[in-house]
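Reviewing the structure listed below.
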Amino acid sequence: GKMKGTYVITGASSGIGLALAERLAAVPDTHLLLTGRSLDKMEGIASKAIRPKLHGSSFADCFSLDLSSFASIEGFAEAVKKCVAGEGLDVIVGNAGLQDTQYRTTQEGFEMTWGSNHLGHFYLVRLLLPLFYECTEGKKDAQIIMVSSGTHDPARKTPVPPPKFDKIEDIATVPHIRVDPTLPEEDKKAQLAANEKEYNGLRAYSQSKLCNVFFAYELSRRLQGLCQAGGKGGSRKIYTIAYDPGWIPDTALMRNSVIRYLVPVLAPIIRMTSRMASTTEHTSLWMCKLVTGEVLPVPDGCYWSVDREERSSELSYDERLQKELWDMSCRFTRLGEELAV
């Protein structure tokens, strides 16, 4: 059969995920695998906005995916395997992003923002990885794009509190939410209530976005090792990119009431002081250039801000923390630390 580009895009029912899907739909020989939390909503949006734009040789499949549930991720991974049988996988765009104001936990008991934005994507990428090495004959390089955010970097002085943690484990549970299990029930309740009051959903968001960068860099290093080792299709090049979409009005972050309230005040400042402000059109255009290989090769494990490569935060280059996050994520998902395809 003819070469297709096969793309998994998480969070494709709105914002930049949707805009990217609309752009890719028009590209010949494209197979889109689009996820939303609600299948009905995703199908409805695909019928209205994506399928009418499809090139004659391209098609789109929709799936429901809840990144805060391992069972949902496993079910989706199985469905993808069937769906791309005989064509393999070329690109994953980990775009689904959550920004919570209330303290909640995932199905498995992790802090919701981190559990969905980082751990859910980590698990998904690990489960889908073998598909990159199937049917590679004559294929272009593959890509894994983790959508991060400039909020991960304190130097950018965004209105979002930057990451602050003592050890990497604290990010997964939010340290002050830990309740001493030896306490009597009443005291436990009181401790939990006090902790929930302290929960900062915006900081949880910036920390999850730092983890997206840590993960992209660590994954990149491990994939390079795999590529050098050769083995079963392991010689295929997979670029790993942490991508900052810029400040865009219709992202999960901007639905936060605090940020919505601040943005009119900050917008002119953001525009003046940096290139952080962007639009859905501009960002999705550049994401499309990246995933279709138009701007490849990029450096391995790089940070891309809207339309160019940039440096991520100082902390994000800490290889010890990258590895600690990797090891912890492997423990939580019960996967081996070594990549196997």
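A short reminder: the numbers here are calculations on the coordinates, not readings from a lab. Owing to the predicted nature of the structure, the values given are computational and were not obtained by experimental measurement. Every residue, glycine among them, receives a Cβ derived from its backbone with ideal geometry; neighbour counts consider all protein chains shown.
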In what order do PHE165, PHE122 fall by count of nearby beta-carbon atoms within 10 Å, going from fewest to most?
-> PHE165, PHE122
Does region 79-157 classify as rounded, prolate or oblate by the C-alpha gyration tensor (a ≥ b ≥ c root eigenvalues; a/c under 1.5 gives rounded; else a/b over b/c gives prolate, otherwise oblate)?
-> oblate
Going from the fewest other Cβ atoms within 10 Å to the most, one would list TYR7, TYR103, TYR205 as TYR103, TYR7, TYR205
Hydrodynamic radius of the chain per Kirkwood, over alpha carbon pairs, in Å = 20.4 Å
List the relative contact order of region 5-329 as a percent without decimals, with contacts defined as Cα pairs under 8 Å and 6+ residues apart.
-> 18 percent
Determine the dipole magnitude for the chain: charges of +1 sit on the beta-carbon of Lys and Arg, -1 on that of Asp and Glu, nothing else is charged, the reference point is the Cα centre, and the result goes in debye to the nearest 20.
-> 760 debye
Would you compute, from DSSP H runs of 4+ residues alone, the mean residue ellipticity of the chain at 222 nm, taking -39500 (n - 2.57) per run and dividing by the full residue count, rounded to the nearest 500?
-> -12500 deg cm²/dmol
What translational D, rounded to a whole number of µm²/s, comes out for region 1-137 from Stokes-Einstein when the hydrodynamic radius is the Kirkwood one over Cα pairs, at 37 °C and 0.692 mPa s?
-> 217 µm²/s
Rank THR158, LEU34, ALA49 by how far each Cα sits towards the positive end of the charge dipole of region 5-329 (+1 on Lys, Arg Cβ; -1 on Asp, Glu Cβ) and give me just the farthest.
-> ALA49
May I ask you to sort GLU337, GLU111 by Cβ crowding, counting other Cβ atoms within 10 Å and putting the fewest first?
-> GLU337, GLU111
